[in-house]
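A.B. asks: To start, I am sharing the structure in question, which I have written as structure tokens.
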Amino acid sequence: MLKITTGFILGVIVGLLFGPAAGVLEPFGTLFLKLLKMIVVPLILLTLIVSVNNSNPKELGRIGGKIFPYYLITTAIAVMLGIWIAKLVKPGVGLTMPGSADFEVPDAPSALDVLLNIVPTNIFQSLANGDILSIVFLALVVGFSISFMRHSKDDGMKDKGELLLNFSEAGSEVTFRILSGILQYAPIGVLGITATSIGNQGFETLLSLGKYVAASYLGVGIQMFIVFPLILLLFKVPVLRFFKNIREAMITAFVTCSSLGTLPVTLKAAQKAKISDRVANFTLPVGATVNMNGSAIHFGVGVVFAADIVGYDLSLGVIIGIILTGTLAAVGTAGVPGAGLIGMSIVFTQAGLPIEIVGLTAGVNVITDMIFTTCNVTGDIVGAAVVDKSEEKHSDYNEPVVDITAKTMTK
Ligand code: ASP
């Protein structure tokens, strides 16, 4: 996996040396992204079905009861951190409102719609569209139903349940084998993406919004290197080893700007960090969809940036409102490139700020999305690690019936 790091460094060098000409390497990156996307839907579906069956309902409830509060608390901290850093750095001061932003701000769906849309009306459509929350919902429903069949008193029903589980386990195994193959190609893909994006970003865009980018990186830096280590220490997880083990997932998140696209690598990193499959296979797919600490920092920084531009003094009441909406908007943000811009327009609307400024930041979103996504993915693995640690003390702790990833994921 050291090869991914090498691919990244080479990509940076090629991008800096050749500028926009490095774009010839783009197809290599596109191929990598397509391969990752190809595997994500079956991976989530099968991994969740199998992992629901490998844990008892009590255990799942307990894990869920720990991971969701963790997501909400760390996300709220991240919004506050974003606000605080931006108040120190003052990225908006000195900038003027853009006359006309060429960026179209997408319509923000209401919170209720987001919730209702989780339940699919047509499961095949959801699978085909890659609606991840609906797929997670489907996987949980199917997983629990298979589990009930397996524990039925009727022998015929039991057999059918076992058959379905065997089928899902076999499918999950083949998915992981394909994934191992894709990861062999990862270094070249990472090189292609990095060289292209570094080569394409003109220094001018970066400079004019330099303070905004700096505040974003600083906020994420504090979350990643102060907040997360403190949480890990609290749960007695060795911090340096943890970061070393998850390095590849961080780099993949950085270059792909997609928590979901990174999920296959995130699962692998969790194994390397010795997080049990039982906890990782359940929490990481969910985390990649709902836990967005980096995006939350994005919203905090963005709001102060906009308020400074229009000269709007944020009162305590408004700030509290922003923390609440920011947390919910982060939960609703999809783990795909650029999704944070939609969440940001929700927060801006709520705070009464002009959403044209979202368009202004869109110019540097490629650069900031990289670090926000890295923070999103790191937060997911930190959550899995601490929940796993807290699960160790349970006397009913037992290893999965079948370790679906052991055979192919132990490189
Ligand atoms: N790109 C981010 C992710 O996939 C989401 C965002 O845009 O904030 O995690």
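A.B. asks: Taking a cut-off of 24 Å between Cα atoms, list the lysines near residue 153, but don't count ones fewer than 8 places away on the same chain.
C.D. replies: 58
A.B. asks: Exposed loop GluC sites (Glu not before Pro) only (DSSP loop, at most 13 other Cβ atoms within 10 Å): please give the longest stretch of the chain free of them, not including the sites.
C.D. replies: Working: sites that count: 104, 392.
By the stated rule (loop sites, at most 13 other Cβ atoms within 10 Å), 105-391.
A.B. asks: For region 254-334, which trypsin sites (Lys or Arg not before Pro) are both in a DSSP coil and crowded by at most 16 other Cβ atoms within 10 Å?
C.D. replies: 274
A.B. asks: Right, something else. Using the Cα atoms of the chain, I'd like the radius of gyration and the largest Cα-Cα distance, Dmax, both in angstrom.
C.D. replies: Final numbers for Rg and Dmax: 21.5, 74 Å.
A.B. asks: Something else: Please identify, among 313, 388, 131, the residue showing maximal mean-square fluctuation in a Gaussian network model of the chain using a 10 angstrom Cα cutoff.
C.D. replies: Result for the chain, Cα springs under 10 Å: 313 fluctuates most.
A.B. asks: Order the following by accessible area, largest value first: 389, 3. Probe radius 1.4 Å; ligands, DNA and RNA are ignored. Could the numbers behind the result be given before it?
C.D. replies: Values: 389 70, 3 130 Å².
Per-residue accessible area, sorted high to low, gives 3, 389.
A.B. asks: Another question, then. Within region 29-100, list the trypsin sites (Lys or Arg not before Pro) lying in a DSSP loop whose Cβ has at most 10 other Cβ atoms in a 10 Å radius.
C.D. replies: none
A.B. asks: Another question about this same structure. For region 315-377, report the % of Cα-Cα distances exceeding 14 Å.
C.D. replies: 58 percent
A.B. asks: Multiplying the sequence separation of residue 31 and residue 320 by 0.36 nm and subtracting their Cα-Cα distance, what value in nm do you get?
C.D. replies: Details: separation 289, 0.36 × 289 = 104.04 nm, distance 4.32 nm.
Net length gain for the segment: 99.7 nm.
A.B. asks: Another one. Taking every alpha carbon pair in region 5-89, what does the distance histogram look like in 5 angstrom bins from 0, in percent?
C.D. replies: The distribution over region 5-89 is 3, 10, 9, 10, 9, 11, 17, 16, 9, 5, 2, 0, given as percents.
A.B. asks: I've got another one for you. If you count only protein heavy atoms and use a 1.4 Å probe, how large is the accessible surface of residue 250, to the nearest 10 Å²?
C.D. replies: That residue has around 30 Å² of solvent-accessible surface.
A.B. asks: Please compute the length gained on full extension between residue 185 and residue 116, using 0.36 nm multiplied by the number of residues separating them and subtracting their Cα-Cα distance.
C.D. replies: So the chain would gain 21.0 nm between residue 185 and residue 116.
A.B. asks: If you don't mind, there's one more thing I want to ask. Filter the chain for me: DSSP H helices, axial length by Cα at least 30 angstrom, mean Kyte-Doolittle hydropathy not below 0.5. List them by residue number. Mind showing how you got there, number by number?
C.D. replies: Details: long enough: 26-54 (41 Å, 1.52); 57-89 (47 Å, 0.95); 155-200 (63 Å, 0.33); 365-391 (38 Å, 0.59).
Answer set is 26-54, 57-89, 365-391.
A.B. asks: So which of 37/272; 90/268; 158/272 end up more than 27 Å apart, counting from Cα to Cα? Walk me through the numbers on the way to the answer.
C.D. replies: Working: 37/272 22 Å; 90/268 39 Å; 158/272 35 Å.
Correct reply: 90/268; 158/272.
A.B. asks: Evaluate the distance, in nm, between pseudo-label points positioned 7 Å from the Cα of residue 84 and of residue 349 along their respective Cα→Cβ axes.
C.D. replies: 3.0 nm
A.B. asks: Using a 1.4 Å probe on the protein chains only, how many percent of the accessible area of region 245-362 belongs to carbon and sulfur? Numbers along the way, then the final one.
C.D. replies: On the way: 1990 of 3020 Å².
Summing carbon and sulfur atoms, their accessible area is 66 percent of the total for region 245-362.
A.B. asks: Quick check: Cα centre of region 20-76 to Cα centre of region 145-190, how many Å?
C.D. replies: When both Cα centres are located, 16 Å separates them.
A.B. asks: How many nm is it between the label spots at residue 145 and residue 200, if each spot is 7 Å from the Cα in line with the beta carbon?
C.D. replies: 4.2 nm
A.B. asks: Which of the lysines could a cross-linker span from residue 87 if the Cα-Cα distance has to be under 25 Å and same-chain partners fewer than 8 positions apart are dropped?
C.D. replies: Filter leaves 211.
A.B. asks: At 1.4 Å probe size, with no ligands or nucleic acids counted, give the accessible surface of residue 33 in Å², nearest ten.
C.D. replies: Solvent-accessible area, nearest 10 Å²: 50 Å².
A.B. asks: Could I ask something else about it? Please report, largest first and rounded to whole Å, the three semi-axes of the ellipsoid equivalent to region 123-180, where each semi-axis is the square root of five times an eigenvalue of the C-alpha gyration tensor.
C.D. replies: Working from the Cα gyration tensor, I get semi-axes of 24, 16, 8 Å.
The values are calculated or read from the model by the stated rules, or taken from the named source; none is laboratory data. Owing to the predicted nature of the structure, the values given are computational and were not obtained by experimental measurement. Cβ: placed from backbone, ideal geometry, glycine included. Neighbour counts: every protein chain shown. Each accessible area value is taken on the protein alone, full model and side chains, heavy atoms only, with ligands, DNA and RNA left out. Shrake-Rupley method; radii C 1.70, N 1.55, O 1.52, S 1.80 Å.
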